[in-house]
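The values are calculated or read from the model by the stated rules, or taken from the named source; none is laboratory data. Keep in mind that what you see is a predicted model, and the values were worked out from it rather than measured. Virtual Cβ from ideal backbone geometry, glycine too; neighbours counted across all protein chains shown.
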Amino acid sequence: MADVVVIGAGISGAATAYQLARDGLGVTLVDCFGPAAMASGWTLAGVRQSGRHPAELPLARAAVAMWSTLAEELGAPTHYRRSGNLRVARDAQEMEIVRGVVREQAAAGLDITLLPDNQAVRAVAPALSEKVLLASYCTSDGSADPLATVTAFVAAAERLGAITRFGERVLRVEHANGRVTGVVTDKGTIAAGRVVIAAGIFGNALLAPFGIAIPLDIPMVTVLRSAPAERVVEQVISTATANCTGRQQHDGRWRVTNGAEPWHGVLNETDEGGRKRPHVRPTAAMVADVVNRYGALVPAFRDAQIEESWAGLLDLTPDALPVLDHVPGCEGVVLAIGFSGHGFCLGPVTGRILADLAQGKPSPFPLDPFQIGRFQNLRPGREAATLHG
């Protein structure tokens, strides 16, 4: 019997398993594929505070503080680079968005500045084109390697005694008399007194027996990765309207995305070394759109040799904020869902929050904005300024 079963081995689930094991609990981490197989592996992997919804900003600031020593703590590389984030404007509408982000977040205490014209922007990032009119600049933002980071969390959890069961699909969460008793998978039953559901787009299927459904839209984002290239950009470069974002990885490869678009509904699975791996294929038009948009911002990208393309799926909530809460009506079940494409940065803090919730401990973070019940009276509002990170 496990003390806690964690469902989902993305960064949220892996970090939760690590924190629970660190707290001395018996943890079993289950995933139908493997570490970082879906959103956490598909992401641009930004580690940022800028552009956050005010409710997320305290979590992001705490997470960025953790990232600086995370590789040392986990005993494995994360390839975290604190190289800054530039949110650029290409027209009058985007200029107003960027100015508003700087005003709002500077007032909240974030070290963010306005680069007021193309000359100021190119003084920071010379590779950007003359089409950039202005930008916000947050020097404490950065990026990391998603697969390396999640793998490091999993390995650290295993060293602390966590059991991992990959390639095993959870079919349902078992409960009796208002309390969780474990999970049933396609390979057996795992008894447990507590369960954390961090299963991304598969989360609602596990919530259905509790009569709960989180309102989710599931769009797709196209991602391109190039061969190694000469480094010309240090920062993460994103647009004010979130329709294009890119950076160069630690190895020089470009990793570039477009904005969210409707998903065509096909999730393929291939067998790689005895383990299933999911794939979402972008259309040729979407790939061309990424090349054209980012190439207009950073002309050097036009010469990149594209090695791989894929599409990532977002679990997008109406307010673009995640759910971090107990599942009502069943003691012992904790839910993390709806990170809306910007949960990677939050991973270390999310793990701590979910581990505390699973153990009935108070959280040091304000969690009211992330409760399940908020959707009952939700009014339409703005989404976070960017979908990535």
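Residues to consider are Leu25, Leu44, Leu20, Leu29; find the one that is surrounded by fewer than 24 Cβ atoms within 10 Å (Cβ to Cβ), among the aliphatic types (A, V, I, L, M) and out of contact with any Gly (no Cβ under 6 Å at 6 or more places or on another chain).
Criteria check complete, one pass: Leu25.
Identify, please: which residue in the stretch 24-77 is assigned to a loop (DSSP other than H, G, I, E, B) and free of Cβ contacts under 8 Å to residues at least 60 places away in the same chain and is, among those, farthest from Gln249 (Cα to Cα)?
That would be Gly24.
Can you pull out every residue in the stretch 135-152 that is touching a helix residue (DSSP H, G or I) at 6+ places or on another chain (Cβ under 7 Å), outside any helix (DSSP H, G or I) and surrounded by fewer than 21 Cβ atoms within 10 Å (Cβ to Cβ)?
Ser140
Condition (residue is under 26 Å from Val323 (Cα atoms), free of Cβ contacts under 8 Å to residues at least 60 places away in the same chain and part of a loop (DSSP other than H, G, I, E, B)) applied to the stretch 229-236: is it met by at least one residue?
No: zero hits.
Just to check your reading of the model, which residue among Val98, Val121, Val132 is touching a helix residue (DSSP H, G or I) at 6+ places or on another chain (Cβ under 7 Å) and either closer than 24 Å to Gly343 by Cα or touching a residue at least 12 places away in the same chain (Cβ under 8 Å) (or both)?
Exactly one of Val98, Val121, Val132 is touching a helix residue (DSSP H, G or I) at 6+ places or on another chain (Cβ under 7 Å) and either closer than 24 Å to Gly343 by Cα or touching a residue at least 12 places away in the same chain (Cβ under 8 Å) (or both), namely Val132.
Condition check ((1) farther than 27 Å from Arg165 by Cα; (2) surrounded by fewer than 16 Cβ atoms within 10 Å (Cβ to Cβ); (3) among the charged types (D, E, K, R)) across all residues:
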residue	(1), (2), (3)
Val223	yes, no, no
Glu234	yes, no, yes
Gly246	yes, no, no
Arg253	yes, no, yes
Thr257	yes, no, no
Ala260	yes, no, no
Pro278	no, no, no
Thr283	yes, yes, no
Asp289	yes, no, yes
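Quick check on Ala229: is it at pLDDT below 95 and out of contact with any Phe, Trp or Tyr (no Cβ under 6 Å at 6 or more places or on another chain)?
So Ala229 fails the test.
Picking from Leu321, Leu367, which residue would you name as being under 18 Å from Phe202 (Cα atoms) and at pLDDT 95 or above?
Of the residues listed, the single one that is under 18 Å from Phe202 (Cα atoms) and at pLDDT 95 or above is Leu321.
Of all the strands (runs of 3 or more DSSP E) wholly in the stretch 260-360, which have at least 1 residues that are free of Cβ contacts under 8 Å to residues at least 12 places away in the same chain?
Answer list for the stretch 260-360: 268-272.
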